[in-house]
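So the structure is just underneath, and the comments pick up after that.
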């Protein structure tokens, strides 16, 4: 994805203004982009708090529940790199608008879904729309803002992601509690429709069009191989457990190896012919990048799956309402928001060690949660789990906010833009794979139990996730230090 500011082309109806009007246009442009990222992040995480009521209303199986959560993220990850190429070729604003249309229509379909199958399909379409939007939003911020305005725009963009993730369950809980027009959980999707329509109306006037420069190609075969390789991993992890691990599940897992190997060979050949691969494999020769992808994948796998099992534990295991569950989740945000403002200064001072610190703090928060769950009975978990959540939220902010700039600081400048795109894809792959993998642990331990069985399943899941974050903390130390980055 090219994000060179020199490639900017202003479209009719989006001519730059001057003076106070320019500031107003810039503010509206930033709000359009930030609202798009907020909707995407919110819709990934808000579904967790609505899962119990959604499952009861649609009579969904546990496998369907996992697909409702992971289908979005898998489609998001599989399509993002291709979407970046489309923006370079056909215009970032045009593809942003297309992605917003897909996301808005999918949100409407999800809100009106008559069964779990339609809801899963709508969630996958939401993921496609989100993938089409994300690289365009990053490019728009990069090409239409400069100086301090750009810093503020990217800060707002990052904060919208954090708030959407940590307060998503609270927002969902409030919407479900209000039960607007008797729609219940459906409002968490339908709320996107007016926001999407308003963004589309404003987009043409306030967002300039821009394209990539240079000779670009679209590697459809590579995209297909990569997507099928990921699907061959996630699908058997979800559906295979539900069906008792039949032979086809192992065949799919085995098939992922040649599919992903074929993807790698394809990218290598395109690069050798000086064409346009989706991923430049030379990136993996840089230790900062290869370790960065690994820790990003591991951390977000643990974070996304934690949100799911916590929602199931609180609502199904302890019978909390969506609103009360959202309030409990709000403790994550109470820790996250102030830590997010402190993270840039800590990152500048500590370098790669801030990532280790963040992962260790998350693991400590999970440890407090385990102690709380072990010490309480069937009733009233809310107050007991909040301190652990607050600590975990602090750790999440200390890792999430500086991870991309810290990793990119060790990547050569010629590869920085491509590396940022692959890191975003690794994040979404981690989300999908984490939900699928931890579902094996949680539902496997749960069986057909009730309150105490949910606590047991939650304890096992959180223990595994704490182990994940500790491994991430150790791996972060493999990132090159300042001297290696400067050499």
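The values are calculated or read from the model by the stated rules, or taken from the named source; none is laboratory data. No experiment lies behind these values; they were computed from the predicted model shown. Quick reminder, even Gly has a Cβ in these numbers, built from the backbone with ideal geometry, and neighbours come from all protein chains shown.
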- Item | Failed item, numbered, when residue 76 is tested on (1) modelled with pLDDT of 75 or more; (2) in a helix (DSSP H, G or I); (3) more than 12 Å from residue 132 (Cα to Cα); (4) in contact with a helix residue (DSSP H, G or I) (Cβ under 9 Å, 6 or more places away or on another chain) | (3)
- Message: So, residue 172, is that one touching a residue at least 40 places away in the same chain (Cβ under 8 Å), within 24 Å of residue 116 (Cα to Cα) and not assigned by TED's automatic domain parsing to the domain that holds residue 341 or not?
- Response: yes
- Would you call residue 323 surrounded by fewer than 19 Cβ atoms within 10 Å (Cβ to Cβ), out of contact with any strand residue (DSSP E or B) (no Cβ under 7 Å at 6 or more places or on another chain) and modelled with pLDDT of 90 or more? no
